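Undergrad: The structure that follows is given in the form of structure tokens.
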Ligand SMILES: [Zn+2]
């Protein structure tokens, strides 16, 4: 009986893999790729933020189905609405359960109580008892599960007689490092290059843990049944210095349209600007004529710090964006940002709500008991295509809300 292990390494930009490769440190990923399919041109989605993309991957659809695109400015209540863990579509764990298979999530939080629950056999949610568990702690739990040792789920001690039919594991180390946070004993860095080194070191150790885990799976015989997907939700893009938020607001206001930030607006405001970290969403709360819209687009595009201006129709049509989404979305050029505050002096910031390649182009690999060995996809594949394709090809299961045409994996 085939089983599926889905590993998500949050924030694994393909640019990190390229650097690993260049430094001769990608051997384990490359070895595993030989036993399956490696995606050289895998894409995140719009918006490339954690919870929206984590849920999109698990159901094969975007925010017009999940209703999660992180946040929006509600035009009626004039408030910012955060979507938190909203996940309105059928996910992989739901489908496995429905067909009487067992499921388990280790730290994949979008499946917590949806449907996986602490202390429930056959549909289990597991968190490390440590307050800040890292990839080593979580691999330890995963190895214990494979070896039938006791693990803690909620208040309960449990052991797995058989590995779950679907197991999801989530790691956030690479994302935390990528954001240039203090992480374990690694301090926040002043410069981007130092942080890249931290990330590479972590990915080297991660590969060693992964290799040990695979060897355990081989020794117990589990590997013969296992299909393993390793992918991520988005990449990571650095940004520096002063925010361009006030520049954009000045620019629009000078053109005769009253634009204000979502944190400070009044009855006269026509456009509300809602930043996340890098990108900026614009909500038209007073009617705008099409010529006003066109002028606004050319005005924004005339600025050297603006990379892309997306309009609502395009975002709904090409990126499955929820209808409550912004009227326009501005993605800045590499290094620029629309964050609500400037970068701290002598530090850089980094995030992933960007249309730059470093955020959009991501890591993805499927291997194990699969039909295609040493296959490389150089064509563009969207990350939401992976799980629905594996489910269709190997389990004959369909996700109700998925918009994906299954591909050969
Ligand atoms: Zn993330």
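Undergrad: When all alpha-carbon pairs of the stretch 241-342 are counted, what percent fall beyond 18 Å?
TA: On the way: 2221 of 5151 pairs.
Of all Cα-Cα distances in the stretch 241-342, 43 percent exceed 18 Å.
Undergrad: Taking R0 as 22 Å, what's the FRET efficiency between residue 301 and residue 357 from their Cβ-Cβ distance, rounded to 0.05?
TA: Working: r = 19 Å, r/R0 = 0.87.
Calculated transfer efficiency: 0.70.
Undergrad: Still on this structure, please answer the following. Where does helix 135-146 land angle-wise versus the long Cα axis of the chain, in degrees 0 to 90, nearest 10?
TA: Approximately 40 degrees, to the nearest ten.
Undergrad: Report, in deg cm²/dmol and to the nearest 500, the calculated mean residue ellipticity at 222 nm for the chain, where each DSSP H run with n ≥ 4 adds -39500 (n - 2.57) and the sum is divided by the residue count. Walk me through the numbers before you get to the answer.
TA: Details: 13 runs with 128 residues, N = 409.
Here the helix-only value at 222 nm equals -9000 deg cm²/dmol.
Undergrad: Which length gain, in nm to one decimal place, applies between residue 341 and residue 137 when the Cα-Cα distance is subtracted from 0.36 nm times their residue separation? Walk me through the numbers on the way to the answer.
TA: On the way: separation 204, 0.36 × 204 = 73.44 nm, distance 3.47 nm.
Difference between extended and current length: 70.0 nm.
Undergrad: Still on this model: For the stretch 17-67 and the stretch 114-151, compute the distance between their C-alpha centroids and round to whole Å.
TA: 23
Undergrad: Further, regarding this structure: Once you place label points 7 Å from the Cα toward the Cβ at residue 290 and residue 396, how far apart are they in nm?
TA: Placing both labels 7 Å beyond Cα along the Cβ direction yields 5.1 nm.
Undergrad: Something else now. Taking the Cα of residue 98, stepping 7 Å toward and past its beta carbon, and measuring to each backbone N in the stretch 364-406: which are under 20 Å?
TA: 384-406
Undergrad: What distance in nm lies between label points placed 7 Å from Cα along the C-beta direction at residue 118 and residue 192?
TA: Calculated label separation equals 4.0 nm.
Undergrad: Calculate how steeply helix 192-220 sits against the longest principal axis of the alpha-carbon atoms of the chain, using the helix alpha-carbon long axis, and give the answer as 0 to 90 degrees to the nearest 10.
TA: Orientation of helix 192-220: about 30 degrees from the principal axis.
Undergrad: Given the options 271, 28, 330, state which has the largest fluctuation in a GNM of the chain using a 10 Å cut-off (strictly under) for Cα springs.
TA: 28
Undergrad: So how much slack lies between residue 40 and residue 378, counting 0.36 nm per residue of separation and subtracting their Cα-Cα distance, in nm? Walk me through the numbers before you get to the answer.
TA: Working: separation 338, 0.36 × 338 = 121.68 nm, distance 0.52 nm.
Between residue 40 and residue 378, full extension yields an extra 121.2 nm.
Undergrad: So how tilted is helix 386-395 from the main axis of the chain? Cα-based, degrees 0 to 90, rounded to 10.
TA: Relative to the chain, helix 386-395 is tipped by roughly 30 degrees.
Undergrad: Tell me, what are the semi-axes, in whole angstrom and largest first, of the equivalent ellipsoid of the chain as set by the roots of 5 times the Cα gyration tensor eigenvalues?
TA: Working: eigenvalues 295, 107, 78 Å².
Result for the chain: semi-axes of 38, 23, 20 Å.
Undergrad: Could you give the nm distance between label points at residue 313 and residue 31, where each point is 7 Å from its Cα heading toward the beta carbon?
TA: Spacing of the two 7 Å Cα→Cβ label points: 5.4 nm.
Undergrad: Give me the number: length gained by fully extending residue 88 to residue 157, i.e. 0.36 nm times residue separation minus the C-alpha to C-alpha distance, one decimal in nm. Before the final figure, lay out the partial values.
TA: Values: separation 69, 0.36 × 69 = 24.84 nm, distance 3.10 nm.
Difference between extended and current length: 21.7 nm.
Undergrad: Taking the DSSP beta bridges in the chain as the whole, what percent of them are antiparallel, to the nearest 5?
TA: Working: 36 of 67 bridges.
Roughly 55 percent of the beta bridges in the chain run antiparallel, per DSSP.
Computed from the coordinates by the stated procedures, all read-outs in this text should not be read as laboratory data. The structure displayed is predicted, hence computed values, not measured ones. Note: ideal-geometry Cβ built from the backbone for every residue, glycine included; neighbour counts use all protein chains shown.
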